[in-house]
Amino acid sequence: MQIVFIGPPGAGKGTQAERLVRTYQLAHLSTGDMLRAARDAKTDLGRKAETYMSAGQLVPDDLIIDLIEQRLQQPDCRKGYLLDGFPRTLAQAEALDALLRQCGTPLDVVLELHVPEEELFQRLAGRGRADDKPEVIRQRLVAYRKQTEPLLEYYAARGLLRTIDGLGTVDEVFDRARAVLDQSA
Ligand code: B4P
């Protein structure tokens, strides 16, 4: 199964993705985790990405697309994968389509986690990561609305979009996600 997970910052994508990949035996491809690992390892990519991440901006498409292209070639992706936080722009979605056409494995479902903005602020403020300061959160939400939300229309037009409510306990949200994925498998 090939899944894309979309939602605003703090919607709980990472939280749910960890459980879903265990349940469905998928590779977990989180571009946020990959970028943080690159930053901590002080690689060239990590140094470039840090400037954008700490300002709440999206990292440039060419860097992210290269990263995902290499990751999708790893053998563990053959069993299926969950893309957590990618694509986040139309250019990334089009690049993903082209990559998937090459390997002949189309997406099965695009799962949107819907959470109101007031709740996102509370969750992110409680987490306390370096990019969870109020002014950076605001900037990340602007980036989401401008650059990522148009993808919902893009995937709805392809009949792939399924939206679930991200409010409630982690278990409740997980059960909603599972209900959608069981239908799409
Ligand atoms: P990400 O790492 O993808 O982070 P995120 O969107 O902020 O968080 P997520 O939705 O996964 O929330 P989580 O489960 O942690 O991105 C970080 C940065 O990397 C971006 O801003 C950007 O700069 C860069 N980046 C990444 N991908 C990119 C791309 N494709 N292109 C360009 N740039 C890219 O949950 C958040 C909090 O909520 C946690 O504290 C959690 O415990 C809590 N929570 C979760 N579920 C809950 C629930 N049901 N109830 C209450 N709290 C809950």
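The values are calculated or read from the model by the stated rules, or taken from the named source; none is laboratory data. All values derive from a computational prediction rather than experimental measurement. Counting neighbours? That spans all protein chains shown, and the Cβs are built from the backbone with ideal geometry, glycine included. Accessible surface is based on the protein model in full, side chains and every heavy atom, while ligands, DNA and RNA are left aside. Shrake-Rupley method; radii C 1.70, N 1.55, O 1.52, S 1.80 Å.
Here are Gln102, Gln139: which of them is in a helix (DSSP H, G or I) and away from the ligand (no atom under 15 Å from the Cβ)?
Answer to the selection: Gln102.
Quick test of your reading of the structure: Leu111 fulfils all but one of (1) in a helix (DSSP H, G or I); (2) in contact (Cβ under 8 Å) with a residue 40 or more places away in the chain. Name the failing condition by number.
(1)
So is Ala55 touching a helix residue (DSSP H, G or I) at 6+ places or on another chain (Cβ under 8 Å) and without any contact (Cβ under 8 Å) to a residue 40 or more places away in the chain or not?
no
Which numbered condition trips up Glu149, out of (1) touching a residue at least 60 places away in the same chain (Cβ under 8 Å); (2) under 16 Å from the mean Cα position of the chain (by Cα)?
In the conditions (1) touching a residue at least 60 places away in the same chain (Cβ under 8 Å); (2) under 16 Å from the mean Cα position of the chain (by Cα), Glu149 misses (1) alone.
With the requirement that a residue be within 13 Å of the ligand (Cβ to nearest atom), surrounded by fewer than 16 Cβ atoms within 10 Å (Cβ to Cβ) and either part of a helix (DSSP H, G or I) or on the phi < 0 side of the Ramachandran plot (or both), what does the stretch 146-181 give you?
Lys146, Asp165, Leu167, Thr169, Val170, Asp171, Glu172, Asp175
For residues that are assigned to a loop (DSSP other than H, G, I, E, B) and not β-branched (Val, Ile, Thr), scanning just the stretch 85-99, find the one that is nearest to Pro9 (Cα to Cα).
Residue satisfying both the conditions and the ranking: Gly85.
Filter the stretch 122-135 down to residues that are open to solvent by 60 Å² or more (accessible area, probe 1.4 Å) and in a helix (DSSP H, G or I), then give me how many there are.
Counting residues in the stretch 122-135 that are open to solvent by 60 Å² or more (accessible area, probe 1.4 Å) and in a helix (DSSP H, G or I) gives 7.
In the stretch 3-23, which residues are β-branched (Val, Ile, Thr) and near the ligand (Cβ under 10 Å from one of its atoms)?
Ile6, Thr15
Out of (1) open to solvent by less than 70 Å² (accessible area, probe 1.4 Å); (2) over 27 Å from Pro60 (Cα atoms); (3) of a type in the set (S, T, N, Q), the odd one out for Gln92 is which?
Unmet condition: (2).
Being near the ligand (Cβ under 8 Å from one of its atoms) and of a type outside the set (D, E, K, R) is the filter; apply it to the stretch 35-54 and report the residue that is surrounded by the fewest Cβ atoms within 10 Å (Cβ to Cβ).
The extreme case among them is Tyr52.
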